[in-house]
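Student: Attaching a single structure in C-alpha cells format; questions to follow.
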C-alpha cells in the first residue's frame, strides 16, 4: 500500500515531527488540529466556540487539499481540556456536518498543546 503526505498552507504547519495528514489506500488520516490561525500563526482562543470553529476550519483546509470534505469523514476524536466544554464544542462541531455524522469519541485530557481547550483528529474515506 502506498501512502501520500498531504500538506497545505491553508492550515497550520505541524509543530512537531508529523504530517497534517496521510493518505493510505482509500483512507485519509488527519492529525489533530488546534486553534492556530494559519494566517497569523496566533491562537484563536477568545472563547471555546472560537477555538472549535478554528479547529474545524483547519481540518476543512486539510480535507480540501486532499480533494475531500466533511461528508467523507468516517471517524473523529475530540480531545477536551475539560468535559465542561462538551456541549459548546458539540454544538459548533455539529454545524460542519450535513445529515449523517461520523463515528466519534470525546475524551478529557490533562493537557493539550499550547494549553488550548480542544483538539480534533479525523479519519476520512475516499
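Taken together, the values in this text are just the output of simple stated rules run on the coordinates, not laboratory data. Since the structure is predicted, the reported quantities are computational estimates derived from the model, not experimental observations. Cβ placement follows ideal geometry from the backbone for every residue including glycine, while neighbour counts extend to all protein chains displayed.
Student: Could you tell me the center-to-center distance, by alpha carbons, between the stretch 75-118 and the stretch 2-47 in angstrom?
Tutor: 16
Student: Then there's this: Considering the Cα positions of the chain, please state its Rg to one decimal place and its Dmax as a whole number of Å.
Tutor: Spelled out, the Cα radius of gyration and Dmax of the chain are 13.6, 42 Å.
Student: Which one, 58, 115, 90, has the greatest fluctuation when you compute a Gaussian network model over the chain with C-alpha springs under 10 angstrom?
Tutor: Fluctuation is largest for 115.
Student: Report, in degrees rounded to the nearest 10, the 0 to 90 angle that the Cα long axis of helix 48-65 makes with the longest principal axis of the chain.
Tutor: The helix 48-65 is inclined about 10 degrees to the chain.
Student: Also, I was wondering about something else. Output the relative contact order of the chain, whole-number percent, from Cα pairs under 8 angstrom with separation of 6+ residues. All intermediate terms of the calculation are to be shown ahead of the outcome.
Tutor: On the way: 240 pairs, mean separation 39.4, N = 126.
Answer for the chain is 31 percent.
Student: List residues of the stretch 80-117, by number, whose backbone nitrogen lies under 17 Å from a label position 7 Å along Cα→C-beta of residue 18.
Tutor: 80-81, 105-117
Student: Now for a separate question. What is the spin-label model distance, in nm, from residue 49 to residue 101 if the labels are put 7 Å beyond Cα along the C-beta direction?
Tutor: So the two model labels end up 1.9 nm from each other.
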